[in-house]
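These notes are about the structure you will find just below.
The values are calculated or read from the model by the stated rules, or taken from the named source; none is laboratory data. Predicted model, so just to flag it, every value in this text is computed and none were measured. Reconstructed Cβ throughout: ideal geometry from the backbone, glycine too, with neighbour counts over all protein chains shown.
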Amino acid sequence: MRPPTIKSIQALENYQLLVEFANHEYRLYDLTPRLSTEVFAPLQNPVFFQSVKVDTGGYAAVWNEEIDLSEHELWIHGQPWASANVPIGQLRFKGGRG
């Protein structure tokens, strides 16, 4: 079974991503363990980290042509999240949002 595509994504503090999938479920994905790898090291720059976008079609979270995460990775390794746990208004976003 294929994971659902990505509908939206938001960069949070502490190098976490809040991912909304097309099935209206949310997952929190912690990127911290990957930041020590050569490919993901540029994301240690907070401004660059917060520039994450959903690629056309919703199959990946992308920062540039070299750095992305598939919808499968985000779905399988993200932690299920419900707004009842922490309302979106209480989340701390990068760049002073939230």
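Can you pull out the residues in region 3-24 that are outside any strand (DSSP E or B) and more than 16 Å from ALA60 (Cα to Cα)? Selection gives GLU13, ASN14, TYR15, HIS24. Name the pairs whose Cβ atoms lie under 6 Å apart, with the first residue in region 30-57 and surrounded by 10 or more Cβ atoms within 10 Å (Cβ to Cβ) and at pLDDT 95 or above, the second among the β-branched types (Val, Ile, Thr) and outside any helix (DSSP H, G or I), and 6 or more positions between them or separate chains? What qualifies is VAL52/ILE9; LYS53/VAL62; VAL54/ILE6; VAL54/ILE9; ASP55/VAL62.
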